[in-house]
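Student: Provided herewith is a single structure, encoded as structure tokens, for subsequent inquiry.
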Amino acid sequence: MHLNKLTEKVIEVSKSTGAFIREQYFLFNEENVEIKSLNSLVSFVDVTAEKMIVETLKNIFPEAGFLTEENTTEQRNLQQTQGYDDWLWIIDPLDGTTNFIHGIPTFAVSIGLMHNGKMKLGVVYEIMSDECFSAFEGSQSILNGKPIHVSERKNLADSLIATGFPYEKFDFIPQYLKTLSYLMQHTRGIRRIGSAAVDLAYTACGRFDGFFEYNLNAWDIAAGAFIVQQAGGQLSNFTGGDNYIFDREILASNRFIHQEMKTIINLP
Ligand code: IPD
Ligand code: CA
Ligand code: CA
């Protein structure tokens, strides 16, 4: 199947799964008092959403393996994914779970397809705003049918930067605070909107000029990073390396501010 046809199918499944998540978001508010464990409801939503996606993708493209957040199907191990001569779906069925639990309407379905370590397509569907970001190899990035591009802002001083605060692994906080302190004083502002997939999608369409975060998993970023790349942006780990999807450190930018961002992330 051609990548553009496959991307259309992935958009379809992202939207139908998104419709289910949207429905649960409203039900969740109503049933809040009745249900004891908020996390178990969300787990149910995450797991069911992932099953819906995996089942459809298995039918569409049976040869491909899976790397998914909720482990609902047999997983390729990370060793295999880096250099494995095969096709791999990388899926986060619901990126932005904390927002979902707290009734903040920023969360997304994120689906990427990799072949032999190279991204071939990516779809990020921001559910509540009904914004679907997509790209496939050789294409421009698209938002709801229209081409998008990263911003043209040349300097950090004019830039809006997105990030995700550490919430689980804290050893890099001192370095991170140095970076934040610099960015607070030398940019238009910093945003933490709670979904790495959405942060990347917004970087791809120029709403954000750059995004960086420690400790993310491949499923948080594979699709979004590819959409940034196809929208003319630049991606690396914090030292400029290419293995940003698996390195647990990602810097995405409009390319003009990339070098400056890299320096600031590594401030001595
Ligand atoms: C999280 C979101 C968040 C990021 C976290 C991720 P989840 O994904 O992308 O923005 O800061 O590190 O784990 O748990 O909502 O799928
Ligand atoms: Ca995630
Ligand atoms: Ca998730």
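Student: Under a Cβ-Cβ cut-off of 11 Å, what is the net charge of the residues other than PHE256 that fall near it, where Lys and Arg count +1 and Asp and Glu count -1? Present the calculation step by step, with values, prior to reporting the outcome.
Tutor: Details: positive: ARG153, LYS154, ARG255; negative: GLU152, ASP158, ASP209, GLU260.
Every neighbour counted, the sum reads -1.
Student: Provide the percentage of antiparallel DSSP beta bridges, counting only those with both residues in segment 129-268; round to the nearest 5. Walk me through the numbers on the way to the answer.
Tutor: Details: 13 of 19 bridges.
Approximately 70 percent, going by the DSSP bridge assignments.
Student: Also, I was wondering about something else. Can you work out the FRET efficiency for the pair ARG191 and MET1, with r the C-beta to C-beta distance and R0 = 35 Å, to the nearest 0.05?
Tutor: E(calc), rounded to 0.05, equals 0.40.
Student: Using alpha carbons only, how many angstrom separate the centre of segment 1-23 from the centre of segment 198-268?
Tutor: First find each Cα centre; the distance between them is then 24 Å.
Student: Oh, and also: At a threshold of 8 angstrom on Cα-Cα distance, excluding pairs fewer than six apart, so keeping six or more, what relative contact order does segment 156-265 reach in percent? Mind dumping the intermediate values first?
Tutor: Numbers: 200 pairs, mean separation 30.8, N = 110.
Across segment 156-265, relative contact order equals 28 percent.
Student: Test of understanding: what is the full-extension gain from LYS154 to PHE172, defined as 0.36 nm times their sequence separation minus their Cα-Cα distance?
Tutor: Contour length minus Cα-Cα distance gives 3.7 nm.
Student: Moving on to the next point. Of the lysine pairs in the chain, how many meet both conditions: Cα atoms under 23 Å apart, and a spacing of 8 or more in sequence or different chains?
Tutor: Step by step, the pairs that qualify in the chain add up to 24.
Student: Ranking request for peptides 139-149, 122-132, 5-15, 101-111: highest mean number of other beta-carbon atoms within 10 Å first, then the rest in descending order.
Tutor: Order by mean packing, descending: 122-132, 101-111, 5-15, 139-149.
Student: Ok, one more. Calculate, in nm to one decimal, what ASN243 and ARG207 gain on full extension: separation in residues at 0.36 nm each, minus their alpha carbon distance.
Tutor: Roughly 10.5 nm would be gained on extension.
Student: Hey, another quick one. Over segment 85-212, what is the mean sequence separation of C-alpha contacts under 8 Å (at least six apart), divided by residue count, expressed as relative contact order in percent?
Tutor: Contact order relative to length: 24 percent.
Student: How do the peptides 92-99, 255-262 rank, highest first, by the average count of neighbouring beta carbon atoms within 10 Å per residue?
Tutor: 92-99, 255-262
Student: How many percent of the accessible area of segment 156-265 is carbon or sulfur, using a 1.4 Å probe?
Tutor: Roughly 50 percent of what the probe reaches on segment 156-265 is carbon or sulfur.
Student: OK, next. Under the rule of -39500 (n - 2.57) per DSSP H run of 4 or more residues, summed and divided by the residues of the chain, what mean residue ellipticity at 222 nm is obtained, to the nearest 500 deg cm²/dmol?
Tutor: My calculation for the chain gives -12500 deg cm²/dmol from helical runs alone.
Student: While we're on this one: Leaving out ligands and nucleic acids, and using a 1.4 Å probe, what accessible area per residue does the chain come to in Å²?
Tutor: In whole numbers, the chain has 45 Å² accessible per residue.
The values are calculated or read from the model by the stated rules, or taken from the named source; none is laboratory data. These figures come from a predicted structure and were not determined experimentally. Cβ coordinates were reconstructed from backbone atoms using ideal geometry, including for glycine residues, and neighbour counts include every protein chain displayed. Keep in mind that these areas ignore ligands, DNA and RNA; they rest on the heavy atoms of the full protein, side chains included. Shrake-Rupley method; radii C 1.70, N 1.55, O 1.52, S 1.80 Å.
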